[in-house]
Each structure stands twice: as structure tokens, then as C-alpha cells.
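One structure is given below, encoded as C-alpha cells.
The values are calculated or read from the model by the stated rules, or taken from the named source; none is laboratory data. Source: prediction; values computed, not measured. So basically every Cβ, Gly included, is an ideal-geometry build from the backbone, and we count neighbours across all protein chains shown.
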Amino acid sequence: EKRITGHTELLGLIATPIRHSKSPVMHNAACRALGLDYAYLAFDIQPDQLEDAVKGFKALNVRGWNVSMPYKTTIGQYLDHITPIAKMCGAINTVINDHGVLTGTITDGTGYMTALKDQGIDIIGKKMTIVGAGGAATAIVMQAALDGVKEISIFNIKDASWDRALENVEKINSQTQCKAQLFDLNDHETLRKEINESVIFTNATNVGMGKLEGQMVLPDTSYLRKDLIVSDVIYMPEKTKLLEEAEKIGCKTINGLGMMLYQGAASFKLWTDQDMPIDVVKEVGLTAIYRDIKASDIPNHFLPCILFDEEDRPFILKRKGKECFLHDPVSNSEIKKDGSYLKNFKKAILVFRDPKKEKILDEVKGKEWFWNPVKEFWRSYIEIGFLTLFINIFALAVPLFTMSVYDRVVPNNATET
Ligand code: NAD
């Protein structure tokens with residue numbers, strides 16, 4: 001990294017697992033664009049190292065860091081101050097280090113509210129219905145209540161989050177002007193009524209991603225109407241089933257990408273006192289998110305290949321048996337990658353059996369990245385075809401040439417002695 005000097009200060013992120021995080025790409029792109037002398041690194045910290053990590057960051061005068069799972073609810077005990085919003089949420093995603101004084105806060109809720117504003121959506125003084133009471137939902141409802149949303153109807157299944165949902169409702173009603181109520185997600189009649197009275201419906205659960213991809217929290221689409229805003233905290237997939245269905249009905253929809261982006265921007269502002277250049281960050285960091293090629297979708301004849309991430313670090317993607325692995329030559333470690341999207345890589349190099357015959361396939365340009373396997377497959381075949389043709393011509397030409405030379409040197413009527 002050319003811009004790192006003796007003056008460069010450190011920002012970071014602690015969590016485990018961490019390597020999938022887009023935050024380093026976002027924050028480093030922002031620092032580069034603004035010419036700020038910071039570097040943002042991701043630290044994979046194990047639970048028994050959390051306290052040491054915080055002390056170490058303090059000793060090293062790290063300016064600030066993000067906190068992700070599983071430390072959002074436990075890091076507070078090692079900090080000097082916790083902001084009111086972080087106390088309300090019972091979680092911290094940002095630590096600011098002011099000359100050794102550590103303050104913990106949470107920017108997820110601000111991220112969500114700013115993302116709505118960014119889309120021209122104003123819910124202040126209005127009613128919202130939200131499903132979920134986990135980390136994301138709690139940050140959203142607390143911030144929404146503090147920002148002036150008039151009423152929030154929270155729905156949840158009766159699982160481990162139910163008690164947190166009860167606490168959230170109690171805190172909102174006692175500490176803000178907003179009126180909050182909790183309902184069982186299985187109470188469909190009330191769900192319909194509350195959505196009908198709301199300007200926005202938000203999914204803040206895992207339903208729609210991972211194992212629950214293709215599912216939605218609503219029993220069916222009859223709960224939606226054209227003038228309802230439908231938002232989802234999920235951004236991978238880009239459009240959950242809920243957003244797809246809502247779009248068909250004509251609703252304005254918004255996925256979780258804006259929330260992710262603006263929570264980062266809010267942390268960035270707290271550390272650097274500068275506005276994150278959102279357009280730059282979107283361009284550099286986030287177009288990578290939707291490069292929707294999965295490791296398992298890459299045909300065998302393209303593997304192994306070398307992938308370069310945004311920081312130009314090489315990784316080798318290879319297949320062993322039916323499974324795909326990403327090999328990190330620096331740490332000499334391997335991560336299984338089968339269903340994973342190869343989204344944070346900006347270019348790929350195919351390695352043919354002859355290592356000199358490397359071929360740079362594609363510089364990434366937004367969504368047009370990755371290579372087109374079918375095109376590449378045929379291109380390889382055409383190349384092989386031409387090569388075979390040349391070999392054949394050569395094979396034919398050599399004997400013809402030899403024969404003609406022989407004819408000239410040894411004429412037909414020459415007498416051998
Ligand atoms: P969590 O585990 O803290 O909470 C999960 C919530 O989903 C709970 O309320 C739980 O009751 C509910 N839930 C789980 N399975 C359900 C089901 N089958 N039906 C109905 N409800 C169900 O998780 P979290 O940290 O709050 O994350 C929730 C989602 O938000 C995840 O998809 C995560 O990726 C996303 N998220 C997005 C952002 C962002 O910036 N866009 C930030 C944080 C989390």
C-alpha cells in the first residue's frame with residue numbers, strides 16, 4: 001500500500017469470522033478518495049482475546065474500530081463510555097478512541113434511517129411495521145423511535161428473541177415519544193391490520209437469505225399494497241423474495257445495502273470528522289457485492305485460477321473432488337468456498353497447465369464482471385482449433401518441402417552410382 005507512511009493511523013474492525021467483511025474495502029476507498037492518512041484493517045479476534053485486543057488498540061492509539069459479531073453485546077464492559085443509543089440497543093458497533101478514552105456507540109439504526117432518506121423516504125411522524133427483534137431490528141426501532149417515528153408495530157416469532165422484543169417495546173415506550181407494540185408473527189389478522197395502517201413494512205430477520213433464501217416473513221403477498229414502502233435489511237441476495245413480490249405489486253422497495261453503507265459512513269464521520277464520499281465507496285467497494293458467481297458454478301476447466309482482491313492480494317481457487325477451496329498463499333490456509341459468491345475479487349487469471357500461458361481474463365467493471373464461462377470455453381476451443389490447424393499445415397508442408405528439395409537435388413533422371 002503506497003500511501004502508508006510513518007504518520008498513518010489505524011482504523012479497524014474486530015469480529016470472528018471476519019474475512020468476508022466489506023468494511024475494509026469501503027473505509028480504505030473512502031480514506032484514499034479524501035486523502036486521509038488512515039488504514040482500515042480487519043482483525044479476527046477470538047473471544048478470550050477481546051479484552052487484550054481492546055487494551056492493545058488503546059495502547060497503540062488506534063483511532064477507532066467497528067465491532068461485529070459476536071462482540072457487539074460484550075465489548076461494552078471494556079470501554080469508558082457508552083452512548084445512550086448503544087445503551088438502548090444493548091449493542092455497540094463502533095468504538096471511538098479519543099486519546100485513550102474509549103466510547104462505544106451503534107450506527108446501524110442511523111444507517112437504516114439515512115438509507116431511507118437517501119431514497120427520498122420520510123417516515124418521521126408516521127407508523128411502521130417491522131418483523132424482528134434481533135440486533136438489526138433493535139437498532140432500527142430504537143433509532144426510528146428517537147428520530148420521531150410515531151408508532152412502531154413489532155412482530156416476532158416466539159423464539160429466543162421474544163424477550164428482547166418485549167424489552168425493546170418497554171424501552172421505546174418509556175424513553176421516547178414513540179408508541180411501540182409487540183405482536184406474535186403468527187397472528188395474521190393483526191399483522192394485516194398493522195401493515196394496512198403503516199407507511200412502511202420492514203423485514204429485519206434472516207428470512208430471505210442463506211438457508212431461508214426464497215422465503216418471506218409474510219404468509220402471502222395479499223398483505224402488501226401499492227403505496228406501501230417495503231424494506232429489507234438483507235442485501236445478499238440483492239432482492240429477497242419479499243422485495244421481488246413487493247416490486248411486482250408496484251411498492252417502492254429498499255434493500256439492506258444502504259443501511260450497511262450508511263452505518264459505515266456514520267462510523268467514518270465519528271473517527272475522521274469527514275463525510276464518507278458515498279459515491280466513491282459505492283463504486284469501489286459495493287459493486288463487488290453483487291458479482292453473483294459462486295465458486296461452485298465455475299467449470300472445472302477454469303480451475304485452478306488466481307483471484308485478486310481489491311487490494312491486489314492473490315488467492316488460488318481450486319477444486320478438490322467436488323468441493324471448491326480458496327487458498328491464501330500468505331497464511332497458507334484454505335477456506336471452503338462452494339456456495340460462496342466470489343464477490344470481493346476484482347480480477348481473475350486463468351492458469352493453464354503451462355504456467356507461462358497465463359491469461360488475464362477481465363478487469364472488473366461493475367456487474368459485468370466475471371468472465372463469461374461459455375464465451376471463454378469456446379474461445380479456448382477456437383484457439384486450440386487454430387493451433388491444430390497450424391500443426392497440420394506444418395506437418396503437411398515439411399514433407400512437401402523436403403520432397404521438392406530432394407527433387408531438385410536428386411533429379412528424377414539422375415543415375416545413382
Ligand atoms: P439476530 O439473530 O440477532 O435476529 C434474528 C431475528 O430474526 C430474530 O428476531 C428472530 O426471531 C428472527 N427470525 C429468525 N428466523 C426466523 C423465522 N424463520 N421466521 C421469522 N423470524 C425469524 O440477527 P440480526 O443480527 O438481527 O440479523 C438479521 C438480518 O439482518 C440478517 O439477515 C443480517 O444479515 C441482516 N443485517 C443487515 C445489516 C445491514 O447493514 N444491512 C446489519 C445487520 C444485520
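Observations on the model:
- Exclusive hit being surrounded by fewer than 17 Cβ atoms within 10 Å (Cβ to Cβ) and either in a strand (DSSP E or B) or touching a helix residue (DSSP H, G or I) at 6+ places or on another chain (Cβ under 7 Å) (or both), set 152, 124: 124
- Qualifying residue in region 288-306 (condition: at pLDDT below 80, within 16 Å of the ligand (Cβ to nearest atom) and in a loop (DSSP other than H, G, I, E, B)): no
- Counted residues, region 193-214 - those being farther than 23 Å from residue 123 by Cα and either among the hydroxyl-bearing types (Ser, Thr, Tyr) or surrounded by 14 or more Cβ atoms within 10 Å (Cβ to Cβ) (or both): 6
- Where residue 152 falls short, out of the listed (1) within 13 Å of the ligand (Cβ to nearest atom); (2) aliphatic (A, V, I, L, M); (3) in contact with a strand residue (DSSP E or B) (Cβ under 6 Å, 6 or more places away or on another chain): (1)
- Unique residue being within 30 Å of residue 174 (Cα to Cα), of a type outside the set (Asp, Glu) and not in a loop (DSSP other than H, G, I, E, B) when the list is 112, 71: 112
- Long-range neighbours under 8 Å by Cβ, at least six apart or interchain, first residue of a type in the set (Gly, Ala, Ser) within region 193-213, second in a loop (DSSP other than H, G, I, E, B) and near the ligand (Cβ under 8 Å from one of its atoms): 204/132; 204/134; 204/233; 208/215; 208/217; 208/234
- Region 111-132, residues that are within 15 Å of the ligand (Cβ to nearest atom) and among the charged types (D, E, K, R): 118
- When residues of region 238-257 are limited to those that are surrounded by fewer than 19 Cβ atoms within 10 Å (Cβ to Cβ) and not in a helix (DSSP H, G or I), the one modelled with the lowest pLDDT: 238
- Figure legend. Inter-residue proximity from region 169-181: first residues on the phi > 0 side of the Ramachandran plot, second residues surrounded by 19 or more Cβ atoms within 10 Å (Cβ to Cβ) and assigned to a helix (DSSP H, G or I), beta-carbon distance below 8 Å, spacing 6+ or different chains. No pairs are indicated.
- Filtering 171, 179 for residues that are buried (at least 19 other Cβ atoms within 10 Å of the Cβ), basic (Lys, Arg), away from the ligand (no atom under 14 Å from the Cβ) and more than 18 Å from the chain's Cα centre (by Cα) leaves a single hit, 171.
- Qualifying position, being within 22 Å of residue 258 (Cβ to Cβ) and either modelled with pLDDT of 95 or more or surrounded by fewer than 22 Cβ atoms within 10 Å (Cβ to Cβ) (or both), among 39, 53, 86: 86
- Per-region count, region 207-236, residues more than 11 Å from the ligand (Cβ to nearest atom) and either in a loop (DSSP other than H, G, I, E, B) or under 19 Å from residue 140 (Cα atoms) (or both): 10
- Scanning region 182-206 for residues that are more than 10 Å from the ligand (Cβ to nearest atom) and of a type in the set (Val, Ile, Thr), we see that the one that is farthest from residue 241 (Cα to Cα) is 190.
- Qualifying residue in region 79-92 (condition: in a helix (DSSP H, G or I) and of a type in the set (Lys, Arg)): yes
- Considering (1) more than 9 Å from the ligand (Cβ to nearest atom); (2) over 20 Å from residue 256 (Cα atoms); (3) of a type in the set (Lys, Arg), the lone condition that residue 164 does not fulfil carries the number (1).
- Scope region 214-240; condition in contact with a strand residue (DSSP E or B) (Cβ under 6 Å, 6 or more places away or on another chain) and in contact (Cβ under 8 Å) with a residue 40 or more places away in the chain; matching residues: 217, 229, 231
- Residue match in region 249-259 (condition: under 17 Å from residue 127 (Cβ atoms) and away from the ligand (no atom under 13 Å from the Cβ)): yes
- Filtered residues of region 322-337 (kept if of a type in the set (Gly, Ala, Ser) and either part of a strand (DSSP E or B) or surrounded by 17 or more Cβ atoms within 10 Å (Cβ to Cβ) (or both)): 333
- Within region 133-149, the set of residues being under 15 Å from residue 176 (Cβ atoms) and either surrounded by fewer than 24 Cβ atoms within 10 Å (Cβ to Cβ) or away from the ligand (no atom under 16 Å from the Cβ) (or both) comprises 143, 145, 146, 147, 148, 149.
- Residues of region 27-53 satisfying the condition of being assigned to a helix (DSSP H, G or I) and touching a Leu at 6+ places or on another chain (Cβ under 7 Å): 27
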